[in-house]
1. If Lys and Arg each add +1 and Asp and Glu each add -1, what is the summed charge of the other residues whose beta carbon sits under 13 Å from the beta carbon of Thr198?
2. According to the Kirkwood expression over distinct Cα-Cα pairs, how big is the hydrodynamic radius of the chain, in Å?
3. With a 1.4 Å probe and all protein chains in place, put Tyr16, Tyr108, Tyr160 in order of accessible area, largest first.
4. Going down the table (Lys25/Lys150; Lys57/Lys119; Lys57/Lys200; Lys150/Lys200; Lys25/Lys67; Lys73/Lys136), which pairs top 28 Å between alpha carbons?
5. Using label points projected 7 Å from each Cα along Cα→Cβ, tell me how many nm separate Ser72 and Asp85, to one decimal.
6. Which percent of the accessible area of region 1-136 is formed by carbon and sulfur heavy atoms (probe 1.4 angstrom)?
7. Just from its helices, what would the mean residue ellipticity at 222 nm be for the chain, if runs of 4 or more DSSP H residues each count -39500 (n - 2.57) and the sum is divided by every residue, rounded to the nearest 500 deg cm²/dmol?
8. How high is the FRET efficiency from Val176 to Ala15, r the C-beta distance, R0 45 Å, rounded to 0.05?
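The values are calculated or read from the model by the stated rules, or taken from the named source; none is laboratory data. Computed from a predicted model, the values in this text were never measured in an experiment. Every residue, glycine as well, gets a Cβ built from its backbone with ideal geometry; the counts of neighbours run over all protein chains shown. SASA here: full protein model, heavy atoms, side chains in, ligands and nucleic acids out. Shrake-Rupley method; radii C 1.70, N 1.55, O 1.52, S 1.80 Å.
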Amino acid sequence: NQNIIIELNPFLYDAYMLQVVECLKYSPLVLALTQVEVVPMSLLSQVYSTATYDKNKERIYFVIHDKKASISKVKFCSILHLAVDSSVISPDFITTTQLFSMMYEMGYTDVLTTITKVKKSCLPSQWNGLLTLLIKGLAERSGGSDTTSKGFLAILYGVYNGINLDYGSIIWSQVVQSLNTSTRHSEVSCGRFWTVITRKTINSLEIPIM
């Protein structure tokens, strides 16, 4: 499953995950991992199916209830209580060398050569579990793959080291990427985040819910 609600009750997990889940409960990612809104499927589908992205303005435009609307990257991140200003560290500043050093420190069991060849299964259970939760909760599409991306390794790096990373930009990129999926007309990819966008718009435009 993809972009699911992550339950942050440590006692629902195996013992080796207790500290990891407790850490996520107090991380900047807590809302991004858990927030979902109940909205009419008709409005959610309309918002998603009509959405277009303006890269220069970092804004997504869409139609809802026959009204034109939009949401900016900054506004989306603020809903999830994620800063995107100069107070956060850009994931671009985290090098592949730093990511590989972290993974060896975690106990990665294979030789690391490139990001594309990183295997979650080579991490000890605790860290494999953490990375899996992050991908399932935040990714546009997680599938059952054993691989990951530099963006999600950067999120793992931020959580592992407790740094003030620009998580919002990585999550926003997942929302934008969801507009390029081949199944866009049959399912809402990144659906949990689109419910958040839809609810914000319903409230701000005072759209009646029947």
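1. Values: positive: Lys67, Arg192, Arg199, Lys200; negative: Glu37.
Residues near Thr198 contribute +3 overall.
2. Its Kirkwood hydrodynamic radius stands at 18.0 Å.
3. Values: Tyr16 110, Tyr108 20, Tyr160 65 Å².
Per-residue accessible area, sorted high to low, gives Tyr16, Tyr160, Tyr108.
4. Details: Lys25/Lys150 23 Å; Lys57/Lys119 36 Å; Lys57/Lys200 19 Å; Lys150/Lys200 30 Å; Lys25/Lys67 37 Å; Lys73/Lys136 21 Å.
Going by Cα-Cα distance, Lys57/Lys119; Lys150/Lys200; Lys25/Lys67 fall outside the 28 Å limit.
5. So the label points at Ser72 and Asp85 sit 1.3 nm apart.
6. Numbers: 4180 of 7640 Å².
Summing carbon and sulfur atoms, their accessible area is 55 percent of the total for region 1-136.
7. Details: 9 runs with 93 residues, N = 210.
Helices in the chain give a 222 nm mean residue ellipticity of -13000 deg cm²/dmol.
8. Values: r = 38 Å, r/R0 = 0.84.
With R0 = 45 Å, the Cβ-Cβ based efficiency is 0.75.
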